[in-house]
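This report refers to the structure that appears directly beneath it.
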Amino acid sequence: MSRSFKVLTPIEARIVGALGQTMYPRGGSIPVDASGARAIEYVDEWLVALPKRERILLRLMFVLFEVAMPAFGPSRTKTFTRASPEAQYEYLCAWETSELYFRRAAMLGLRSVFALAYLADAEVQRHIGVDDGVEILRRQRAGTTKSPTIADRPGADIDPAANVAVLSEAVDAVRVIERERRAAAARASGGDN
């Protein structure tokens, strides 16, 4: 992999690529694989936006899945990226069904990262029938609530008041979380709120 990334090292990019392809391989019911959905690029851009601590933890999570294969995987002598696609799949399935909570939790985190990366791709969204949010807003501003291609699909009507209410609640929730985070950080550093 010769591309350069903002956060991921070449080794991490190879790990992320292999994990993504195992979760979203070629030949699935959606004809876009993780590579086609540009999952590596999405993860790299997402890591840029994360606070340093979370960025480090996610990068360590990717490395954990790479190096833990000799301990937990079907291939006891290979790292994740060097194993066969079948062994990679079996390995991730074992994490998902493990009796050890930390393995199941790590797999949930990994799956969440790649679901975000995969579902962010416009072609994937088109295949699963998700409208582009920009297009919805354009139709809404133009006074057209129906799309000619999705006119009969449930949910095609847009309720602007409901959208504003949901966005307002989301903004309020983010503000509360941010206040709580700052208060916790102040307590941890010994300062006052």
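The values are calculated or read from the model by the stated rules, or taken from the named source; none is laboratory data. What you see is a predicted model; the values in this text were computed from it and never measured. Every residue, glycine as well, gets a Cβ built from its backbone with ideal geometry; the counts of neighbours run over all protein chains shown.
Of all residues in segment 1-30, those being closer than 20 Å to C93 by Cα and either polar (S, T, N, Q) or outside any helix (DSSP H, G or I) (or both) number 8.
Evaluation of I30 against the conditions (1) modelled with pLDDT of 95 or more; (2) touching a His at 6+ places or on another chain (Cβ under 7 Å) shows that the sole unmet condition is (1). Scanning segment 43-65 for residues that are modelled with pLDDT of 95 or more and aromatic (F, W, Y) gives F62, F65.
Just one residue in the set D192, D132 is at pLDDT below 65, within 28 Å of S29 (Cβ to Cβ) and among the acidic types (D, E); that residue is D132. The set of residues from segment 74-127 being closer than 23 Å to P31 by Cα, assigned to a loop (DSSP other than H, G, I, E, B) and of a type outside the set (A, V, I, L, M, F, W, C) comprises S84, D121.
Assigned by TED's automatic domain parsing to the domain that holds V16 and in contact with a Lys or Arg (Cβ under 8 Å, 6 or more places away or on another chain): which single residue out of S98, S112 fits that description? Residue meeting the stated conditions: S98. Taking the listed residues D33, D44, the one that is outside any loop (DSSP other than H, G, I, E, B) and either acidic (D, E) or not assigned by TED's automatic domain parsing to the domain that holds L19 (or both) is D44, with no other qualifying.
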